[in-house]
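Visitor: Mind having a look at this structure? Questions to follow.
Laboratory data are not the source of any read-out in this text; all were calculated from the coordinates shown. As the structure is a prediction and not an experimental result, all values here were calculated from the model. Every residue, glycine among them, receives a Cβ derived from its backbone with ideal geometry; neighbour counts consider all protein chains shown.
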Amino acid sequence: MSTVLSEPKLPAGVKLPIYMDNHATTAMDPRVLEAMIPFFSNKFGNAASRNHSFGWEAEQAVDLAREQIAKLIGATAKEIIFTSGATESNNLAIKGIGEMYRERGNHIITQVTEHKAVLDTCKRMEKQGYRVTYLPVNADGLIEMEDLKRAIDDKTILVTIMAANNEIGVIQPVAEIGKLCHERGILFHTDAVQAVGKIPVDVNAMNIDVLSLTAHKIYGPKGVGALYVRRRNPRVQIAAQMDGGGHERGMRSGTLNVPGIVGLGKACEIARLEMAEETEKLLAMRDRLRKKLESNLDFIHVNGSMEHHLPGNLNMSFIHVEGESLLMGINDIAVSSGSACTSATLEPSYVLKALGLGDDVAHSSIRFGLGRFNTPAEVDYVADKVVDVVRKLRELSPLYEMAKEGIDLTKVQWQAH
Ligand SMILES: *Cc1c(COP(=O)(O)O)cnc(C)c1O
């Protein structure tokens with residue numbers, strides 16, 4: 001005899017799998033795709049072709065995109081340099097400034113929860129004779145301004161601190177950092193990938209000199225990004241890291257990715273026009289998710305300051321649950337865990353460790369990344385599913401039982417067998 005188990009009926013508006021990993025990448029907005037399509041077909045010109053209408057048409061489209069991007073961050077069109085994405089933008093900013101200002105000094109300041117595209121670039125700079133200070137963060141994920149002030153010396157040429165963190169959504173005090181840097185005559189670069197299009201960013205109000213952004217985190221295509229490079233007060237100089245035809249004012253040679261650039265421009269325009277409304281929607285969903293989890297589960301906590309936080313981010317630790325089992329249990333939901341897959345081993349996230357989390361707590365953490373296309377019905381499904389799986393896993397966990405009885409697990413003496 002066999003029992004037929006039917007899957008519970010899904011609520012209206014929910015289709016599996018659910019995508020809730022919008023810090024890793026975002027789906028393209030259909031309006032972005034629509035703007036790009038002609039540039040894959042009949043409008044195929046090279047934006048650098050000066051002798052015919054095919055080139056002019058492409059150049060015009062690129063110019064419009066420059067305007068759209070500039071407008072989102074309070075810059076001017078001439079200050080936008082196109083790249084292949086934020087990894088390249090970060091490399092170009094740090095290496096290009098390091099090389100150009102080498103006579104003035106060799107000291108760079110960054111912080112420990114930066115994206116690898118900044119950290120690994122800084123490590124390479126160290127190999128080439130630069131000194132790098134990696135500022136710590138407090139338990140909330142924020143740098144301390146006092147630490148930054150103390151780190152500055154007369155050889156400091158660059159401060160590179162991200163605007164918002166891709167794992168824990170924490171927003172650094174960018175305006176304060178920019179103000180301090182300008183007072184001291186030091187250039188300020190920010191990896192603003194997660195901030196641009198999500199929270200207001202203004203390069204003048206915030207004293208940002210150089211800023212990295214990328215299209216695929218703001219509902220645009222992959223493989224295209226930009227670097228904002230300030231042209232006055234001060235005029236920033238960047239040594240090219242790619243030699244060739246002298247495109248992008250000599251800072252980044254290579255035929256422009258016209259369809260991608262058109263998409264990036266459109267994505268920025270949509271973000272600028274819809275940011276306020278979208279933020280409210282994301283905040284409501286984020287808080288709904290958090291409340292549902294917190295009212296149904298104990299031994300959980302939010303990572304990163306909630307006061308300085310991206311609207312679409314929720315990073316939570318589910319203590320006394322094994323991280324891999326948790327992810328396996330919710331495999332119809334696309335989220336990220338507090339483990340980074342480096343080679344064959346599962347390493348706990350260096351960002352969560354920097355906040356002071358232990359390895360197991362880091363492993364039992366989940367980053368929920370809400371985005372433009374998520375719905376409240378999806379949030380409910382995700383919350384119910386996570387609650388269900390965490391409860392089931394804890395039923396099997398003697399550690400959870402002990403913790404619930406009030407036994408301090410850090411003081412238990414385990415006996416080896
Ligand atoms: C995604 C991301 C990057 C890398 O951007 P790519 O365009 O994928 O190279 C850099 N910094 C942060 C904070 C990111 O989230």
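Visitor: Rule-of-thumb check for the range 30-271: C-alpha Rg over 2.2 N^0.38 Å?
Guide: Cα Rg divided by the expected 2.2 N^0.38 Å: 1.00.
Visitor: Where the only charges are on Cβ atoms (+1 Lys, Arg; -1 Asp, Glu), what is the dipole of the range 315-403 about its Cα centre, to the nearest 20 debye?
Guide: Dipole magnitude for the range 315-403 comes out near 240 debye.
Visitor: For the range 193-220 and the range 312-364, what is the separation of their Cα centres, given in Å?
Guide: Each part's Cα centre sits 27 Å from the other's.
Visitor: Restricting to DSSP H runs of at least four residues, report the calculated mean residue ellipticity at 222 nm for the chain, -39500 (n - 2.57) per run over all residues, nearest 500 deg cm²/dmol.
Guide: -12000 deg cm²/dmol
Visitor: Could you tell me the relative contact order of the range 30-271? Use alpha-carbon pairs under 8 Å, at least six residues apart, and round to a whole percent.
Guide: It comes to 28 percent, rounded to a whole number.
Visitor: Something else about it: On the principal axes of its Cα set, how long, how wide and how thick is the chain? Give whole Å, largest value first.
Guide: Its Cα atoms span 78, 53, 38 Å along the three principal axes.
Visitor: Same structure, new question: Within the chain, what is the longest stretch that has no trypsin sites (Lys or Arg not before Pro) placed in a DSSP loop and near at most 15 other beta-carbon atoms within 10 Å?
Guide: That gives 236-417 as the longest site-free run.
Visitor: Could you give the dipole magnitude of the chain about its Cα centre, charging the beta-carbon of Lys and Arg +1 and that of Asp and Glu -1, in debye to the nearest 20?
Guide: Charge dipole, the chain, about its Cα centre: 1120 debye, nearest 20.
Visitor: Still on this model: Can you tell me the dipole magnitude for the range 30-271 around its Cα centre, using point charges on the Cβ only (Lys, Arg +1; Asp, Glu -1), in Debye to the nearest 20?
Guide: 440
Visitor: Related question: Excluding residues fewer than 8 places away in the same chain, name every one of the lysines whose C-alpha is closer than 22 Å to that of LYS392.
Guide: LYS9, LYS291, LYS292, LYS404
Visitor: Could you grab the relative contact order for the chain? Cα pairs under 8 Å, six or more apart, rounded to a whole percent.
Guide: 21
Visitor: Another question about this same structure. Anything in the chain that counts as a DSSP H helix reaching 18 Å or more along its axis (C-alpha) with Kyte-Doolittle mean of at least 1.0? List them, would you?
Guide: none
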